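In what follows, a single structure is set out as structure tokens and then discussed.
No lab work stands behind these numbers, since they all come straight from the coordinates. Fair warning: this is a prediction, and the values are worked out from it, not measured in the lab. Reconstructed Cβ throughout: ideal geometry from the backbone, glycine too, with neighbour counts over all protein chains shown.
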Amino acid sequence: MKTIHEFPEGLISIYPAVFGDDRGFFLESFNQAKYASIIPDLDFVQDNLSKSKKGVLRGLHFQAPPFDQGKLVQVITGSVLDVAVDIRKNAPSYGKHFKIILNSTERNQLWIPPGFAHGFVSLEDDTIFSYKCTNSYSKEHEGCVLWNDLDLGIDWEIDQPLISPKDQEGTLFKDFISPF
């Protein structure tokens, strides 16, 4: 397993070892002992899957304390442009973002600790996206930062994404009061 500590601090790109031959492939998508060595105090309590057609953009979502979540995200089939925005108000990287392509060819993963807003845009039809979460979902604690806020300067590399009404009404970053 190869890991890369990314900027903003706390994000980790993970490339599990993939063993393939003419029959297919095998990989450990999660192993508590191995992942605990790179992500301290790791305890997942909920797994989620989403399926999206090409051009669907989901985000930028977060869960506020005490329901804040760390997420280990990966693509099962297809590919996404994945984005994490630092919303930890005392972090030197507050308001900065990180982008990575996650896909079912590389089988790469991204660890997103609590204190980040997260989103992705699907680059292929029938993309299945997996989230392992360190806390349960709470509707009362969910938040959304506006995906296309000019102050964040995120190039989503798509002209007309498909977006839910909820995500179209995310908070502008200049009006956002971080709970982190």
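Each of Ser93, Ser130 has some number of other Cβ atoms within 10 Å of its Cβ, and from fewest to most they run Ser93, Ser130. Please go through the residue pairs Lys53/Lys89; Lys34/Lys166; Lys34/Lys99; Lys53/Lys139; Lys51/Lys96; Lys2/Lys174 and name each one whose alpha carbons sit more than 32 Å apart in this structure. The answer is Lys53/Lys89; Lys34/Lys166; Lys2/Lys174. Build a GNM of the chain with springs between Cα atoms under 10 Å: which of His118, His141, His97 gets the top mean-square fluctuation? Among His118, His141, His97, the largest mean-square fluctuation in the Gaussian network model of the chain belongs to His141. Applied to region 168-179, the Karplus parametrisation 6.51 cos²θ - 1.76 cosθ + 1.60 on θ = phi - 60° returns per-residue 3J(HN,Hα) values of 5, 10, x, 6, 5, 4, 5, 9, 6, 10, 6, x Hz, with x for Gly and Pro. Counting Lys and Arg as +1 and Asp and Glu as -1 over every other residue whose Cβ lies under 13 Å from the Cβ of Leu42, the net charge comes to +1. Using the Cα coordinates of region 57-153, the gyration tensor eigenvalues translate into equivalent-ellipsoid semi-axes of 22, 16, 12 Å, sorted from longest to shortest. If you run the Gaussian network model on the chain, springs between alpha carbon atoms under 10 Å, then out of Val45, Val73, Val56 the most flexible one is Val45.
What separates the Cα centres of region 156-180 and region 8-59 is a distance of 25 Å.
Pairs of Cα atoms nearer than 8 Å and 6+ residues apart set the relative contact order; for the chain it is 29 percent.
In the chain, Rg over Rh equals 0.95, where Rg is the alpha-carbon radius of gyration and Rh the Kirkwood radius from pairwise Cα distances. Which residue, Arg88, Arg23, Arg107, has the most motion in a Gaussian network model of the chain that connects Cα atoms within less than 10 Å? The residue that fluctuates most here is Arg23. Glu28 sits among other residues whose Cβ lies under 12 Å from its own Cβ, and their net charge, with Lys and Arg +1 and Asp and Glu -1, is +2. Each other residue within a Cβ distance under 12 Å of Glu6 adds +1 if Lys or Arg and -1 if Asp or Glu, for a net charge of -1.
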